[in-house]
1. If you go through segment 148-168 one residue at a time, do you hit one that is aromatic (Phe, Trp, Tyr), closer than 21 Å to HIS51 by Cβ, part of a loop (DSSP other than H, G, I, E, B) and without any contact (Cβ under 8 Å) to a residue 40 or more places away in the chain?
2. Considering only residues that are of a type in the set (Gly, Ala, Ser) and in a strand (DSSP E or B), look in segment 86-96 and name the one that is nearest to GLY44 (Cα to Cα).
3. Tell me, which residue of segment 55-84 that is among the hydroxyl-bearing types (Ser, Thr, Tyr) and closer than 21 Å to ALA150 by Cβ is farthest from the chain's Cα centre (by Cα)?
4. Can you tell me which of ALA150, ALA99, ALA144 is among the aliphatic types (A, V, I, L, M), closer than 18 Å to GLY75 by Cα and surrounded by fewer than 18 Cβ atoms within 10 Å (Cβ to Cβ)?
5. If ALA99 passes every condition in (1) in a strand (DSSP E or B); (2) modelled with pLDDT of 95 or more; (3) touching a Lys or Arg at 6+ places or on another chain (Cβ under 8 Å) but one, which one does it miss?
6. Of (1) outside any loop (DSSP other than H, G, I, E, B); (2) basic (Lys, Arg); (3) over 27 Å from ASN59 (Cβ atoms), ARG111 satisfies all except one. Which?
7. When the residues of segment 39-54 are narrowed to those that are under 16 Å from ARG26 (Cβ atoms) and not in a strand (DSSP E or B), which ends up nearest to the chain's Cα centre (by Cα)?
8. Just to be sure before I move on: is PRO143 under 20 Å from the mean Cα position of the chain (by Cα), modelled with pLDDT of 90 or more and assigned to a loop (DSSP other than H, G, I, E, B) in the structure I sent?
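The values are calculated or read from the model by the stated rules, or taken from the named source; none is laboratory data. These numbers were taken from a predicted model, which means no experiment stands behind them. So basically every Cβ, Gly included, is an ideal-geometry build from the backbone, and we count neighbours across all protein chains shown.
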Amino acid sequence: MEHSAPISWSNRPDDLSTTAGYDLIRCPASGVHNAIITSADILGVKVHYYHGRTRPHLNEFCPACDDRNPWRWRGYLSACHPKSLNSVALEITAPCVNALDDYLKHWGSLRGAVIMLWRPSHQPNGRISCRVEQSRFPVEQLPAAIDLEALLLKLWEIQPHMTAPELKQVMAAMHTKKNRIPNSNPKQIGTNGH
């Protein structure tokens, strides 16, 4: 059957990678978020909160830097829910790194560690506290780690091999798009496939 243009019909998704269907979890304002880490280490990146969204800092031609918007470091971990084992990506801030590094030095990998995140101030943008402990769950039964870099690129609508000027164009265009998921939801952002 022939399809009509200009709609891109397809019987299968173009991207069968593991980036579809995962939530990006941020620490909630109240309560504790528990997860089991499935990645071996943290993936860190400098980001800007710019035009209502978290966006990556660009080494060259960065529109957020041009507007004097300071970058902040964010770390990302592949993890799963302790009961369902559904995979998620966790966003952490710099204060969490010490606890993760202590665990990493002792055990050699973060995979299998239980992470607990909470905000002592109970404010949506309050400082995050973190505790990391060894899990009793067998590491070999954990799901594979999410490809965090691919997931973040997809969330940021960036193709892996874009040039610096192309990235600047994408970044500049992002704030003009309507109906974007706001970045202030403390529970999840992302490519939830449910």
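1. no
2. If we filter segment 86-96 for residues that are of a type in the set (Gly, Ala, Ser), which is where we start, we get 87, 89, 94.
Filter once more, keeping what is in a strand (DSSP E or B): 87, 89.
Values: SER87: 19, ALA89: 13 Å.
Here the residue is ALA89.
3. Restricting to residues being among the hydroxyl-bearing types (Ser, Thr, Tyr) and closer than 21 Å to ALA150 by Cβ, the top hit is SER78.
4. Unique residue meeting the criteria: ALA150.
5. (1)
6. (1)
7. ILE42
8. Details: under 20 Å from the mean Cα position of the chain (by Cα): yes; modelled with pLDDT of 90 or more: yes; assigned to a loop (DSSP other than H, G, I, E, B): yes.
Yes, satisfied.
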